[in-house]
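Student: Pasting in a structure now, in structure tokens, and then I'll have a few things to ask.
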Amino acid sequence: MKTLVTGGLGFIGSETVVKLIEAGHEAVIVDNLSNSKLAVLDRIEGITNVRPRFYKIDLCNLDAITDVMEKERPEAVIHFAGLKAVGESVEKPLMYYHNNLLSTMNLLDAMRKFDCHNIVFSSSATVYGVPEHVPLVETDPVGHATNPYGETKVMIEHILMDVQKSWPELNVALLRYFNPIGGHPSGLLGEDPNGIPNNLMPYITQVAIGKRDHLRVWGNTYPTPDGTGIRDYIHVLDLAEGHVATLKKLAQNPGLVIYNLGTGKGTSVLEMVHAFEKATGVKIPYIIYPVRPGDVAENYANCDKAAKELGWKAKFDVVDACRDAYNFQKKNPNGIE
Ligand code: NAD
Ligand code: UFG
């Protein structure tokens, strides 16, 4: 299927482009490079021997995305493009609402114009807000995200559902990712955050290569077995395959579908430190700090629906993901250059 991948040079998008090509799809990328590098395109080519067509455009520019849609006429869109830093979204909410909402609305407008009627959207476990119970299932209440970034995901889910109602031929998949980590086993693709990483795995890998002194563990007084926060870490390769499986599902014209993409297994911060040490043999010094405001104790997915309806299941565990994340970090100590 010819697929337009927005944000296709980012962390999850680039791995998904590789999986799409490997599965025999044609991928076309749009990205404004606000959080990615053009060199990622060379790396995708290095892995697949295919250089996808790339358009450096901002999706907030309606004319630009309309032109691409007219030229390429894709059958499906996977919409990764968006800003994703929780803390930054609290400081600059308008930037997040503007970028994430306008880009999605423009994309839908252009899709409608050229009758592209399949879209996969990168949603997040953040739409569940503070979970009342775990594991989370797709029918659990959505809303009251704890920050503007999360609110954009809630709002975009609503926008897509409303547009789907008004345009029944449109197939929409809302994929709620849990915590993507890891990288391509070649060490060519991985997570490349700007500045001090907010997320656990890139912070650990930077400690491992000596770029940071120690891991700051945000609290050990949660009601969890070791007191540290529990999350559902999913290898980005598994996540990428989930998108390929979802495209197959959309080809059956299901209308609106919603899936959690996680592993179904929770891992605490300290368990992650031990998994990393096991995978790499590198010791990760850590110090316990006060809890990070806005964090929840425990968050993991029930992924039975994706298993049943997509025939998809995560194959890798956190030890695999630690090995691949470390490999990427070692080969790219200063990120992708
Ligand atoms: P990323 O920042 O690596 O990739 C997003 C890409 O979108 C970047 O390459 C960026 O340059 C591009 N982009 C942003 N705004 C754009 C615009 N207006 N026009 C064109 N391109 C634009 O992020 P990622 O980790 O790969 O995440 C991909 C998607 O998955 C995002 O929507 C994110 O919110 C969602 N998600 C990520 C996580 C996670 O932990 N990484 C968890 C849940 C959901
Ligand atoms: N943590 C630390 N030290 C760090 C970083 C994280 O102890 O330096 C802990 C956190 O307190 C938490 C766990 O590691 O218990 C995971 O934290 P991350 O920041 O990696 O991930 P979050 O679950 O907080 O956030 C992620 C995405 C968000 C998304 C959210 C809910 O980064 O975009 O999942 O889906 F909104």
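Student: Got a number for carbon plus sulfur as a percent of the range 1-80's accessible area, 1.4 Å probe? Before the final figure, lay out the partial values.
Tutor: Working: 1360 of 3120 Å².
That share works out to 44 percent.
Student: Follow-up question, since we're still on this one. In whole percent, how big is the carbon plus sulfur part of the accessible area of the range 159-292, probe 1.4 Å, protein atoms only?
Tutor: 53 percent
Student: Which sequence of ARG231, ARG216, ARG176 reflects their accessible areas, 1.4 Å probe, from the largest down? All intermediate terms of the calculation are to be shown ahead of the outcome.
Tutor: Values: ARG231 35, ARG216 70, ARG176 5 Å².
I get ARG216, ARG231, ARG176, largest accessible area first.
Student: Continuing with the same structure: Can you put ASP192, ASP238 in order of accessible area, largest first, using a 1.4 Å probe?
Tutor: Largest accessible area first, the list is ASP192, ASP238.
Student: Enumerate the amide H contacts of ALA301 below 5 Å, restricted to partners 5 or more residues apart or on another chain; note that Pro and chain-start residues carry no placed amide H.
Tutor: Close amide H contacts, sequence-distant or interchain: LEU136, THR263, GLY264, LYS265.
Student: Here is a further query. Heavy-atom accessible area of HIS158 with all protein chains present, probe 1.4 Å, nearest 10 Å²?
Tutor: For HIS158, solvent-accessible area is about 100 Å².
Student: Turning to a different aspect of this structure: What percent do you get for the relative contact order of the chain when only Cα pairs under 8 Å and 6+ apart count?
Tutor: Relative contact order for the chain comes out at 19 percent.
Student: Which one of GLU151, GLU132, GLU26 has the biggest mean-square fluctuation once the chain is modelled by GNM with Cα springs under 10 Å?
Tutor: Its mean-square fluctuation being the largest, the pick is GLU132.
Student: Can I ask one more? Over the chain, give the accessible area per residue in Å² for a 1.4 Å probe, as an integer.
Tutor: 42 Å²
Student: Residues in the range 243-280 near a label at LYS313, defined as backbone nitrogen under 11 Å from the 7 Å Cα→Cβ point?
Tutor: Label zone hits: none.
Student: Separation of the range 211-276 and the range 1-41 by C-alpha centroid, Å?
Tutor: The range 211-276 and the range 1-41 have Cα centres separated by 21 Å.
Student: In straight Cα distance, which lysines are under 19 Å from LYS265, not counting same-chain residues fewer than 8 positions off?
Tutor: LYS278, LYS305, LYS308, LYS313, LYS315
Student: Turning to a different aspect of this structure: Using a Förster radius of 25 Å, what is the FRET efficiency between LYS248 and MET161 based on their Cβ-Cβ separation? Nearest 0.05, please.
Tutor: Rounded to the nearest 0.05, the efficiency is 0.70.
The values are calculated or read from the model by the stated rules, or taken from the named source; none is laboratory data. The shown structure was predicted, so the numbers you read here are calculated from the model rather than taken from an experiment. For neighbour counting, all protein chains shown are included, and Cβ atoms are generated from backbone atoms with ideal geometry for every residue, glycine included. Protein only, heavy atoms only, side chains kept; ligands, DNA and RNA dropped before computing areas. Shrake-Rupley method; radii C 1.70, N 1.55, O 1.52, S 1.80 Å.
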